[in-house]
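A short reminder: the numbers here are calculations on the coordinates, not readings from a lab. Because the structure is predicted, anything quoted here is derived from the model rather than measured. Heads up, the Cβs are rebuilt from the backbone with ideal geometry, glycines too, and the neighbour counts pull from every protein chain shown.
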Amino acid sequence: MTYNIAIDGPAGAGKSTIARRVAKELGYIYVDTGAMYRAMALHILNQGIRPEDGERIADACSGADIDIRYENGEQQIFLNGKNVTGDLRREEVGNMASRTSVYACVRQKLTELQKELASRENVVMDGRDIGTSVLPGAQAKIYLTASSRTRALRRCLELQQKGIEGNLEEIEADINERDYRDMHREISPLCRAEDAKLVDSSDLTIEQVTDAILRICREAGCR
């Protein structure tokens with residue numbers, strides 16, 4: 001029997017950071033689905049395809065080979081044999097991922113890989129529709145959120161640590177726009193699964209959020 005933990009929520013809520021910590025604590029494999037969508041977005045950007053060009057995006061999907069590997073205990077994302085992990089956090093890649101994830105061809109290709117992995121390994125998977133579409137039978141489901149201002153502040157700090165200046169108001173506006181797109185897309189919109197536990201990280205430390213989610217997972221029988 002395998003154990004699956006689904007962590008959903010909006011952009012910037014801290015899903016990836018928390019999911020990694022939970023996976024490490026439980027000894028599970030962490031699957032960053034957002035990174036997979038960003039890799040597909042990078043593939044589309046590299047070909048100069050506009051986000052509204054559905055026909056060319058469908059063609060691009062068939063030519064994208066996206067693989068997850070672990071090197072020195074760290075997840076690495078490979079696109080057509082090249083390690084692109086360092087390129088995935090670029091702002092334009094994130095925006096393209098949000099705009100192209102609405103396409104059925106994109107979601108189908110990546111969902112198949114995610115489900116196959118979860119069927120043979122204990123996983124912690126985070127994204128926008130894990131508990132509702134990808135792993136509806138997950139033993140533990142969490143909807144992790146935070147206010148848009150909190151998420152914008154976190155993104156500004158992340159940029160500053162990289163020596164990049166970010167405009168707080170512009171970043172928050174971008175986050176709100178992405179939230180709207182994710183929640184209103186036709187295919188697998190972002191929403192809280194009926195049986196998902198809500199965790200608001202706005203006023204919590206990383207350690208407090210991790211502890212709260214670990215309690216939920218253990219109460220659900222994950223070992």
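Below, the figures for the structure above:
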{"quantity": "Full-stretch length increase - Arg120, Thr17 - with 0.36 nm per residue and alpha-carbon distance subtracted", "calculated": "34.7 nm"}
{"quantity": "Leu204/Ala104 FRET efficiency (R0 45 Å; Cβ-Cβ; nearest 0.05)", "calculated": "0.80"}
{"quantity": "Contour excess over end-to-end distance, with Cα ends at Cys191 and Glu112 and 0.36 nm allotted per residue", "calculated": "26.4 nm"}
{"quantity": "Student exercise, the chain dipole from Lys, Arg, Asp, Glu Cβ charges, in Debye to nearest 20", "calculated": "440"}
{"quantity": "Residue exposure sequence - His184, His43 - by fewest surrounding Cβ within 10 Å", "calculated": "His184, His43"}
{"quantity": "Length-normalised contact order for the chain - Cα pairs under 8 Å, 6+ apart - percent", "calculated": "33"}
{"quantity": "Note, ³J(HN,Hα) from phi for region 38-55, Karplus 6.51, -1.76, 1.60, rounded to Hz, x at Gly and Pro", "calculated": "5, 5, 5, 4, 4, 4, 5, 4, 4, 9, x, 8, 6, x, 8, 8, x, 5"}
{"quantity": "Tally of Lys pairs whose C-alpha atoms are under 21 Å apart, taken over the chain, 8 or more apart or cross-chain", "calculated": "11"}
{"quantity": "Selection from Gln161, Ser202, Leu214, by position along the positive dipole direction of region 144-223 (Cβ)", "calculated": "Leu214"}
{"quantity": "Gyration tensor verdict on region 70-223 (Cα atoms; rounded if a/c is under 1.5, prolate if a/b is larger than b/c, oblate otherwise)", "calculated": "rounded"}
{"quantity": "Label-point separation in nm, Asp53 to Met1, each point 7 Å along Cα→Cβ", "calculated": "5.0"}
{"quantity": "In order through region 93-110: 3J(HN,Hα) via Karplus (6.51 cos²θ - 1.76 cosθ + 1.60), integer Hz, x for Gly, Pro", "calculated": "6, x, 5, 5, 4, 5, 7, 9, 5, 6, 7, 4, 5, 5, 5, 4, 4, 6"}
{"quantity": "Under 5 Å, built H, 5+ apart or other chain: amide partners of Ser147", "calculated": "Ser202"}
{"quantity": "GluC sites (Glu not before Pro) restricted to DSSP loop in region 69-129 with at most 16 other C-beta within 10 Å", "calculated": "Glu121"}
{"quantity": "Cα shape, region 1-147, gyration tensor, a/c 1.5 rule", "calculated": "prolate"}
{"quantity": "Amide hydrogen neighbours beyond the local backbone of Ile29, cut-off 5 Å, H modeled", "calculated": "Asn122, Val123, Val124"}
{"quantity": "Whole-Hz couplings from phi, Karplus 6.51/-1.76/1.60, listed for region 181-193; x for Gly and Pro", "calculated": "4, 5, 7, 10, 5, 6, 9, 6, x, 5, 7, 7, 4"}
